[in-house]
Amino acid sequence: MSIKSLQVIRRFSRDAWGGAETVLWNSAQRLVKKGCHTEILSTSALWKEGLEHRDDVAISHFPYSYMRWGLPDEQKLKLDLKGGDPYSWAMFKYIKSHKCDILHCHSMERVARQTKLAAKLMKIPYVITMHGIHFMADEEKMELEETLRGSVNYGWMMDTVVGGRRYLNQASGILCSSYDQYDTMKRRFPNKLVQFLPNGVNTKKFCASPERKQQFVNKYRIDPNAKVILCVSRIDYIKNQDILVEMTRVLKARGDNVHLVIMGNVTSPHYIERVKRKIVQYGLERDVTIIQGLSNDDPDLVNAYAAADCFVLPSIQEPFGIVCLEAWASGIPVIASRVGGLERLITD
């Protein structure tokens, strides 16, 4: 008898892909191959409402609200990118009307509260996967405060109805992609099922080849003799890409022929503008390529790894670092910050 599960996440958009989406997508595909029925449920943030099918997986996108009066569309878009905490009652009603064996939540706060309430009413178990560590730089906090300024939160009334933040306490199990998370949750909930479940990638997808390298170098007009330094991650304060621009300036100044490629979706618009200003300030316009907005199945992603001579991930915090696995699958060396999950993932 196959198990039917509903996978719930705040946002599942090909235009804003990150580590959580990668892990969810990989696990959904594996479940289908094992004969289990699973669906992905998401808000329509940065995507269109409705049902779509990809590789035998049904993905439903539902209308949602941040429950704030006076929130302009421009500010809503910023919350879609990062920091948004929505309710989606259309998603909640869908869950309630579809019989399943287990709910699997991939987001925290209001999405998790809704999942908890649905599971309680349906009398089925739910589990939560913790994908990230809540960390915000001072500039990010100021951005979020600016985004919310002028709007009034009326969602507190719904928070009261749905229930408090005890979604971790009441979950049947907690999955952690980072060992630090696992250690913390195990100590916090000693009598609960807490599982360390590191991420994985499809190694066949990232097989490098000279043809792929040539395609990438030609498309982005990179000097074929340059050493390509690659960073793939969302473009954000926490990912710390601007230090790579500093590094490139130092390497160029000492005569090294290098080309930096920064690739990823933008979750902090202010931050990418700061990175671009630094590139112009140092006169590195021909030595740095920024590629943003790629979907996870864009061939440029695989081709970038094939073209790279090394991969660098300078994150300020990183629960796991799945892009390091992608780089290794492509056969290139990895340099990364000694933080979070990267400390256990990488042997110095």
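The values are calculated or read from the model by the stated rules, or taken from the named source; none is laboratory data. Note that this is a predicted model, so its numbers are computed, not measured. All Cβ positions, glycine included, derive from the backbone under ideal geometry; neighbour counts span all protein chains shown. Each accessible area value is taken on the protein alone, full model and side chains, heavy atoms only, with ligands, DNA and RNA left out. Shrake-Rupley method; radii C 1.70, N 1.55, O 1.52, S 1.80 Å.
Spacing of the modelled spin labels on Ser2 and Ala90, each 7 Å from Cα toward Cβ, amounts to 2.7 nm. Here the Karplus relation 6.51 cos²θ - 1.76 cosθ + 1.60, evaluated at θ = phi - 60°, turns the backbone of the range 85-93 into coupling constants of 10, x, 10, 9, 6, 5, 5, 4, 5 Hz, with x for every Gly and Pro. Helix content alone sets the calculated 222 nm mean residue ellipticity of the chain: runs of n ≥ 4 DSSP H residues at -39500 (n - 2.57) each, divided across all residues, give -11500 deg cm²/dmol.
Note: relative contact order over the range 231-348, using C-alpha pairs below 8 Å and six or more positions apart, is 27 percent. Across the range 77-210, the relative contact order, built from alpha-carbon pairs under 8 Å that are at least six residues apart, equals 21 percent.
Between Asp256 and Arg165, residue separation times 0.36 nm minus the direct Cα-Cα distance comes to 27.6 nm. Pairs exceeding 24 Å between alpha-carbon atoms, taken from Lys48/Lys205; Lys227/Lys276; Lys48/Lys93; Lys213/Lys252: Lys48/Lys205. Computed from phi, the 3J(HN,Hα) profile of the range 336-341 under the Karplus parametrisation 6.51, -1.76, 1.60 (θ = phi - 60°) reads 8, 5, 8, 9, x, x Hz, with x in place of Gly and Pro.
In percent, how large is the relative contact order of the range 1-98, given Cα pairs closer than 8 Å and 6 or more residues apart? Here the relative contact order equals 26 percent. Val111 sits among other residues whose Cβ lies under 9 Å from its own Cβ, and their net charge, with Lys and Arg +1 and Asp and Glu -1, is +1.
Annotation: extensible slack from Arg30 through Lys227 equals 67.3 nm (criterion: 0.36 nm per residue apart, minus Cα-Cα distance).
Among the aspartates and glutamates, select those whose C-alpha is under 13 Å from the C-alpha of Lys34, and discard any that sit fewer than 8 residues away in the same chain. The reachable aspartates and glutamates, counting only those whose Cα sits under 13 Å from Lys34, are Asp56. Each label was represented as a point 7 Å from its Cα along the Cα-to-Cβ direction; for Arg277 and Thr203 these points are 4.5 nm apart. Mind jotting down the distance between the C-alpha centroids of the range 38-52 and the range 147-216, whole Å? So the two Cα centres are separated by 18 Å. Using the Karplus curve 6.51 cos²θ - 1.76 cosθ + 1.60 with θ = phi - 60°, what ³J(HN,Hα) values do you get for each residue of the range 61-73, in whole Hz, with x for Gly and Pro? Each residue's phi maps through the Karplus curve to give 10, 10, x, 8, 8, 8, 6, 9, 6, x, 9, x, 4 Hz. These residues, Val258, Val152, go from largest to smallest accessible area, 1.4 Å probe, as Val152, Val258.
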